[in-house]
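> First, the structure itself, so that you have it in front of you.
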Amino acid sequence: GGPLPARVPPRLAELWADRDLYPHAHRGAYTGLAETVDAGIEGFADALYERLLTADGWLPYPDTAPTLTALRDAGVRVAVVSNIGFDLRPHFDAWGLTGLVDAFVLSYEVGRCKPDPSIFWRACGMLGVDPEQTLMVGDTPADAGAVAAGCAVLVLPAADPGRDNGLGAVLDLALPA
């Protein structure tokens, strides 16, 4: 995670614009940005990108597993909707979370990125739920695009690595009292 770059070099602009639609664009955009920093280490940008492709390169919020488990136990269907240029499923496998997710809707697979409502409609369709009965939970302004699809939305703030980001609040909204 982390903030978006303040400036994308013009030579990377097209790759950056397509980064969540095509794996080659994702790799090219992020390695290209990393190469703008002189780390003094040959192959550093590629090594950094390869780390991104492994579960060890990420740290899920600590409240993720307990929240997803409570939703699963309550019979609430869950989809992961992500603007991403590579497959996140191996990460979820490594974290032991795959069994808590009913569908993955990844931008590079469906050819649409948030905030486009069609990516949210795809998720609802894969779950077999009406958008009006769906809560989209995210951590970026693009996630609020689900409103245009008819979903309710909760945008949580990003948290520092290893800290809860308030995901447990979903339980108060999604589960009957």
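> Considering only residues that are within 23 Å of residue 58 (Cβ to Cβ) and open to solvent by less than 40 Å² (accessible area, probe 1.4 Å), look in the range 147-167 and name the one that is modelled with the highest pLDDT. Give the steps one after another, and end with the answer.
Pass one, the range 147-167, residues within 23 Å of residue 58 (Cβ to Cβ): 154-167.
Keeping just the survivors that are open to solvent by less than 40 Å² (accessible area, probe 1.4 Å) gives 154, 156, 159, 165-167.
Values: 154: 96, 156: 93, 159: 85, 165: 88, 166: 92, 167: 93.
So the residue we want is 154.
> For residues in the range 95-137 being of a type outside the set (A, V, I, L, M, F, W, C) and under 18 Å from residue 173 (Cα atoms), which is most open to solvent (accessible area, probe 1.4 Å)? Please lay out each step first, then the result.
Step one: list which residues in the range 95-137 are of a type outside the set (A, V, I, L, M, F, W, C), which gives 96, 98-99, 102, 107-109, 111-112, 114-118, 122, 125, 128, 130-134.
Okay, now just the ones that are also under 18 Å from residue 173 (Cα atoms), so 130-134.
Numbers: 130: 96, 131: 24, 132: 128, 133: 152, 134: 28 Å².
Here the residue is 133.
> Kindly evaluate residue 77 against the criterion of being open to solvent by 20 Å² or more (accessible area, probe 1.4 Å), basic (Lys, Arg), within 30 Å of residue 176 (Cα to Cα) and in a loop (DSSP other than H, G, I, E, B).
Values: open to solvent by 20 Å² or more (accessible area, probe 1.4 Å): yes; basic (Lys, Arg): yes; within 30 Å of residue 176 (Cα to Cα): yes; in a loop (DSSP other than H, G, I, E, B): yes.
Yes.
> Out of 33, 71, 12, report the one residue that is outside any loop (DSSP other than H, G, I, E, B) and within 24 Å of residue 123 (Cα to Cα).
Working: 33 fails: within 24 Å of residue 123 (Cα to Cα); 12 fails: within 24 Å of residue 123 (Cα to Cα).
Result: 71 is the single residue among 33, 71, 12 that is outside any loop (DSSP other than H, G, I, E, B) and within 24 Å of residue 123 (Cα to Cα).
> Still on this model: Would you mind telling me which numbered condition in (1) within 17 Å of residue 3 (Cβ to Cβ); (2) open to solvent by 90 Å² or more (accessible area, probe 1.4 Å); (3) part of a helix (DSSP H, G or I); (4) not charged (D, E, K, R) residue 142 fails?
Tallying (1) within 17 Å of residue 3 (Cβ to Cβ); (2) open to solvent by 90 Å² or more (accessible area, probe 1.4 Å); (3) part of a helix (DSSP H, G or I); (4) not charged (D, E, K, R), residue 142 fails exactly one: (2).
> Inspect all residues belonging to the range 32-48 and state whether any of them is hydrophobic (A, V, I, L, M, F, W, C), under 23 Å from residue 111 (Cβ atoms) and without any contact (Cβ under 8 Å) to a residue 40 or more places away in the chain.
Here is the first cut: in the range 32-48, the residues hydrophobic (A, V, I, L, M, F, W, C) are 33-34, 37, 39, 41, 44-45, 47-48.
Then drop every residue that is not under 23 Å from residue 111 (Cβ atoms), which leaves none.
No, the range 32-48 has no match at all.
> Exactly one of these conditions fails for residue 170: (1) under 15 Å from the mean Cα position of the chain (by Cα); (2) β-branched (Val, Ile, Thr); (3) open to solvent by less than 30 Å² (accessible area, probe 1.4 Å). Give me its number.
Condition (1) is where residue 170 drops out.
The values are calculated or read from the model by the stated rules, or taken from the named source; none is laboratory data. Model, not experiment: these values are computed from the prediction. In this analysis, Cβ positions are derived from the backbone assuming ideal geometry, glycine residues included, and neighbour counts consider all displayed protein chains. For the accessible areas, the whole protein counts, side chains as well, though only heavy atoms, and no ligand, DNA or RNA atoms are used. Shrake-Rupley method; radii C 1.70, N 1.55, O 1.52, S 1.80 Å.
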